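The structure appears right after this line, and notes come after that.
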Amino acid sequence: MSKRFEGKVVIATGAASGLGLATAEMFAAEGAALVLVDLNADALKEATKRVAAARVVVDAIVGDVSDPSVSQQAVRLAMERHGRLDILFNNAAIDPWNATSLEETPEDMWAQVIDVNLKSAYMFTRAAIPHMRATGGGAIVNTCSTAGLKASPRESVYGISKAALIQLTKSVARDHAGEGIRSNCICPGFLESVMSDRSKDMTEDLLVRRRERASGLVPMGREGRYDEVARAVLFLADPVQSSYITGASLVIDGGFTLV
């Protein structure tokens, strides 16, 4: 019996940990070949081993996703190795621990967050589209956030970057629907761990307090798990299960945005 994504080729950014790694492992378990991209060389090496345990072809690229050469390298590698690119998962993002209000956001922080969270998706998507078009279509899934739908206090630039990414998702969907290229995004809320760039600056006490805060704010009373969100990514990437879905923002937040 063939696997769900057998014969498909996936590029995933921010794939060395967290949601990116969980999703990459799930794609691999379903037979997909992968190109993993992340800035953390050591974590990416370990992630590649874990994903390759599913006995699929896995390549890794260490680099800054906002650097145009990295997106070109990833797409070129997928085409040289497999001759096709079916799925792009733009997941890389940062949310600095010292993020704050717009008035207090320094220009270098603004530029860095916009570059990683928004520009990278633009660069990877732009590089991928011609190759998806050439093979009859493909699926692009962007990791957005409830922060792009509902303003969070003292977290302005992250929320702005994610709101813009939602619009990028819709623009690509509108422009390329007739070419068989679908573009959708997920909007997770509180997840089981903070993003890797934040976790290094947080003590265990702060992490515990975050979990407690999530349980009080989320109607379902808990944080979401990575596997719950990863399954949504695979759903949106599936050319059968989500064949008529494009331009959608799938909220996965336990009801957080309902409050």
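Each value in this text was obtained by applying a stated rule to the coordinates, not by laboratory testing. These figures come from a predicted structure and were not determined experimentally. Here Cβ is always computed from backbone atoms with ideal geometry, including for glycine, and neighbour counts include all displayed protein chains.
Rounded to the nearest 10 degrees, what's the angle between the helix 41-52 long axis and the longest principal axis of the chain, both from Cα atoms, 0 to 90? So the helix axis and the longest Cα principal axis differ by about 50 degrees.
Judged by the mean number of other Cβ atoms found within 10 Å, the most tightly packed of the peptides 52-58, 106-112, 251-257, 141-147 leads the ranking 141-147, 251-257, 52-58, 106-112. Enumerate the lysines that LYS3 could reach by cross-link, defined here as Cα to Cα under 29 Å, with residues fewer than 8 away along the same chain left out. Excluding near neighbours in sequence, the set is LYS45, LYS49. For the chain, the longest principal axis of the alpha carbon atoms and the long axis of helix 156-176 meet at an angle near 30°. Our compactness index for the chain, the C-alpha radius of gyration over the empirical 2.2 N^0.38 Å, is 0.96.
Answer rounded, prolate or oblate for segment 54-154, using the Cα gyration tensor with square roots of eigenvalues a ≥ b ≥ c: rounded when a/c is under 1.5, else prolate when a/b is larger than b/c, else oblate. The shape class here is prolate. Put in line by how crowded their Cβ is, counting other Cβ atoms within 10 Å and starting with the fewest, MET79, MET132 read MET79, MET132. Helix 120-134 and the longest principal axis of the Cα set of the chain meet at an angle near 20°. Bridgeable lysines around LYS119 (alpha carbons under 19 Å apart, same-chain partners fewer than 8 residues away excluded): LYS162, LYS170.
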